[in-house]
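Working notes for the structure below.
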Amino acid sequence: MHIVIFGRPGCPFCVRAVELAEKLEASQGATHRYIDIHAEGITQEDMEKTIGKPVNTVPQVFFDKTHIGGYTEMEAHAKSQGWI
């Protein structure tokens, strides 16, 4: 499984998402990539085009190219799969 996290500096939920991704690396053999939307010049409109719906918060998390949602949805998904 590959996890992609779109986030921004100073975002506590982005930090939590990265920490959870690191736990999944250790327990499930996942890999992850964190993308700083400010450093990469990714706009809200860019995210909305990629996801296909309005985006108002970060992080935005993808598991194997499937949009999961934010941190809360990421954690719920991991729990539903029995990974945490």
> Just how far, in whole angstrom, is segment 47-67 from segment 15-34 if you go by their alpha carbon centroids?
Replying inline: 18 Å
> For helix 71-80, what angle does its Cα long axis make with the longest principal axis of the chain, in degrees from 0 to 90 and rounded to 10?
Replying inline: 30 degrees
> Hey, with R₀ at 22 Å, roughly what FRET efficiency would E19 and N56 work out to, going by the Cβ-Cβ distance, to 0.05?
Replying inline: 0.45
> Expressed as a whole percentage, what fraction of the accessible surface of the chain belongs to carbon and sulfur atoms when a 1.4 Å probe is rolled over the protein heavy atoms?
Replying inline: 49 percent
> Which of these values of Cα extents along the principal axes in Å was calculated from the structure shown: (i) 34, 23, 18; (ii) 41, 23, 21; (iii) 37, 29, 26?
Replying inline: (i)
> Using a simple charge model, +1 on the beta-carbon of Lys and Arg, -1 on the beta-carbon of Asp and Glu, nothing else, what dipole does the chain show about its Cα centre, in debye to the nearest 20?
Replying inline: 140 debye
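The values are calculated or read from the model by the stated rules, or taken from the named source; none is laboratory data. Computed from a predicted model, the values in this text were never measured in an experiment. With ideal geometry, Cβ positions are generated from the backbone for all residues, glycine too; neighbour counts draw on all protein chains shown. Side chains are part of the model used for accessible areas, which takes the heavy atoms of the whole protein and leaves out ligands, DNA and RNA. Shrake-Rupley method; radii C 1.70, N 1.55, O 1.52, S 1.80 Å.
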